[in-house]
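The numbers here are math on the coordinates, done by the rules we state, and not lab data. On a predicted model such as this, the values are computed, not experimentally measured, just so you know. Don't worry about glycine lacking a Cβ; one is built from the backbone with ideal geometry, like all the others, and counts go over all protein chains shown.
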Amino acid sequence: MAGVFLSFEGIDGSGKSTQARLLAEALRARGLTVTLTREPGGSAGAEEIRRLVLEGAADRWSTETELLLFTAARRDHLEKTIRPALARGEVVICDRFADSSRIYQGLTRGDLRATVDALHSLMIGVEPDLTFLIDIDPSLGLRRAIARAGSEMRFEGMGLGFLEKARAGFLALATAAPQRFRIIDGTGAAEDVAQAVTAAALAHLP
Ligand code: TYD
């Protein structure tokens, strides 16, 4: 593929969505063509699945069903949005990708890591070229997540222990794949975090 595939990961309230947007702006300002997208969602069909999976009662789906829905959404996103943009030579910036399934369905909301990996190799089979892990203290993440609570509440309100486990899981993924991951401290002002992200991205881009 001609393009470059970048993803952002982090616990709820880490600020990764803001950072994904700021990186898109910084790269566009340098003349690059960027597709900014997100998961779950990022294509018409996947956005419909997003509503199914993020809204409604907390016990609406089993973890297994949830994993299938996230994987179906990812497959559609890959077919309709990510692969075409990469084929056009664009920079794709994705707010969450398969690492989120590894952590949420594989570790914190469920214990399905082997199934997550099997489904991934069967149905998805690609990793980003570079993944930014926006790392913050879970108590800060919780405060931020509560402050902007909206309708997509199935996954929020799960407490500090949940966020701590997710953070540790993300850091372990990053340690296991140091060529792909860049761990960015997300504690400071958004502009400062964005500078660190942009520098790491530019160092990787051709
Ligand atoms: P998102 O909209 O990115 O929430 P946030 O803005 O808090 O990052 O994602 C919504 C939720 O979906 C988030 O709590 C993580 C969860 N999720 C999974 O459990 N598995 C997945 O594969 C993905 C992509 C997201």
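Observations, loosely collected:
- Between Ala57 and Ser139, full extension at 0.36 nm per residue minus the direct alpha carbon distance yields a gain of 27.1 nm.
- Inter-label distance, Ala87 to Glu48: 2.2 nm, where each label sits 7 Å from its Cα along the C-beta direction.
- Its Cα centre serving as origin, region 4-204 has a Cβ charge dipole (Lys and Arg +1, Asp and Glu -1) of approximately 260 debye.
- When you count the other C-beta atoms within 10 angstrom of each residue and take the mean per peptide, 122-131, 3-12 line up highest first as 3-12, 122-131.
- Averaged over residues, the count of other Cβ atoms within 10 Å places the peptides 107-113, 18-24 in the sequence 18-24, 107-113, highest first.
- Grouping the Cα pair distances of region 55-173 into 5 Å bins from zero gives a pair-distance distribution of 2, 9, 18, 21, 21, 16, 9, 3, 0 percent in increasing distance order.
- Ranked by the mean number of other Cβ atoms within 10 Å per residue, highest first, peptides 36-42, 171-177 order as 36-42, 171-177.
- Computed lengthening from Ala2 to Ala189, 0.36 nm per intervening residue step minus Cα-Cα distance: 64.0 nm
- Region 4-204 - percent relative contact order, Cα under 8 Å, separation 6 or more: 32
- In the chain, a dipole from Cβ-located charges (positive for Lys and Arg, negative for Asp and Glu) runs towards its positive end, and of Ile103, Pro40, Leu6 it is Leu6 whose Cα lies farthest in that direction.
- The calculated Kirkwood hydrodynamic radius for region 22-107 is 13.8 Å, given to one decimal from all distinct C-alpha pairs.
- Using all pairs of distinct alpha-carbon atoms, the Kirkwood hydrodynamic radius of region 123-206 works out to 14.6 angstrom.
- The alpha-carbon atoms of region 4-204, seen along their principal axes, cover 45, 36, 32 angstrom, with the largest extent given first.
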